[in-house]
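Before any comments, here is the structure.
Read-outs throughout are calculated quantities, based only on the coordinates presented, and are distinct from any laboratory measurement. This is a predicted model, so every value here is computed, not measured. For neighbour counting, all protein chains shown are included, and Cβ atoms are generated from backbone atoms with ideal geometry for every residue, glycine included.
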Amino acid sequence: MPPIAQINDLWFALPPIVVVSLVYAASRHEDAGPLLRHAVRAALWIVGFMAAIFVVLELLLRAV
Amino acid sequence: MTTTIESESGQPIELKSRELAGVLAWLLPGLGHAYQGRWAKAGLYFVCLMGLYVHGAYLGSQSGPDGVGAARVVYFEGLNFNRLAFFCQFGIGVPAWPAVIQHLRVSGGSKPLWNGFMAPPAKADAPYARDPDLPLAIRASGGDLHARLHRFFELGTVYTMIAGLLNILAIYDACCGPVFPAKNEESESEVEGKSAAA
């Protein structure tokens, strides 16, 4: 099995989260400070949204 | 015509020819910003978008003599909507063009080039599809790609789609500059930050 296949699937969410946050923030700011702060906020929103979906799916799974 | 706008800190942002910047930004992520002299953003867009795109292409690759070849998640099957993902991937610009070249070649009845790099999966009626002397990378069908790449087929597809779609934001930024948050939105986030600090 190639090493990349042994990585937990959740880690594959990390690169898109980082890139989406940075690029979205870069499209809204020009200066580095506000850009990075916006990127961190965006990343937290994405992770929070994913966590909420995870909880809903987990509850549904237990209910079935 | 040169257009100049102001950043949040009042620094001038020279957009130069907005149309040319937009076209360059589509051709290669960050190229439009490099043309405008916005080097930090050019680097950010290039590293982020090309990094995600190349990572996705890598996930959709299988090397070796019996592998399916490189970047098999980026391919074009014509305007028949068989491969909708490519319409998103095409947003990345030149890095997706090999898929168009492969499609034009394969639809003409020829074998794909470059050991199947970004080639569409072989159709059952393709003349080279059933030739066992050819490497699998040339004659791989859609079923072969899924069977060999497993979940990495979907992961690579999604990564490259996201990269292509995000480049649309970069193109807009090159054409028109950043979409600064509305004043009330900015002040709300400042209030949040101050209350969090307190």
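What the table below lists for this structure:
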quantity	calculated
Under-5 Å amide H pairs with B:I13, H placed in peptide plane, nonlocal only	B:I5, B:E6, B:S7
Calculated from backbone phi, Karplus (6.51, -1.76, 1.60) coupling profile of region B:30-37 in Hz, x at Gly/Pro	x, 5, x, 6, 4, 4, 7, x
Cα gyration tensor shape of chain B, rounded if a/c is under 1.5, else prolate or oblate by comparing a/b with b/c	prolate
Value of [θ]222 nm, deg cm²/dmol, for the protein assembly as shown, DSSP H segments ≥ 4, -39500 (n - 2.57) each, nearest 500	-17000 deg cm²/dmol
Of B:C88, B:V68, B:V47, farthest towards positive along the dipole that unit charges on Lys, Arg, Asp, Glu beta carbons give chain B	B:V68
Tensor-based shape of the protein assembly as shown (alpha-carbon gyration tensor, a/c under 1.5 rounded, otherwise prolate or oblate)	oblate
Taking only Cα atoms of region A:3-63, radius of gyration then Dmax in Å	14.9, 48
Highest to lowest packing among A:39-46, B:86-93, scored as the average C-beta count within 10 Å	B:86-93, A:39-46
Rounded, prolate or oblate (a/c below 1.5 giving rounded, otherwise prolate when a/b exceeds b/c) for region B:1-93 by Cα gyration tensor	prolate
Kyte-Doolittle mean at least -1.0 and Cα axial length at least 18 Å: DSSP H helices in chain B	B:151-176
Nearest-ten-degree value, helix A:32-63 long axis tilted from longest Cα axis of chain A	10 degrees
Rounded to whole Hz, the Karplus (6.51, -1.76, 1.60) HN-Hα couplings of region A:13-25, x for glycine and proline	7, 4, x, x, 4, 4, 5, 4, 4, 5, 5, 4, 5
Cα centroid separation - region B:135-179 against region B:48-121, whole Å	9 Å
Förster radius 35 Å - calculated FRET efficiency between B:A147 and A:L59, Cβ distance, rounded to 0.05	0.55
Pair B:E14, B:V47: separation of 7 Å Cα→Cβ label points (nm)	2.5 nm
Lysine pairs within the protein assembly as shown, Cα separation less than 30 Å, 8 or more sequence positions apart or different chains	6
For residues of A:10-19, the mean tally of beta carbons on other chains within 10 Å	4
Of B:L84, B:L136, B:L31, the one that fluctuates the most in a GNM where chain B has Cα springs shorter than 10 Å	B:L84
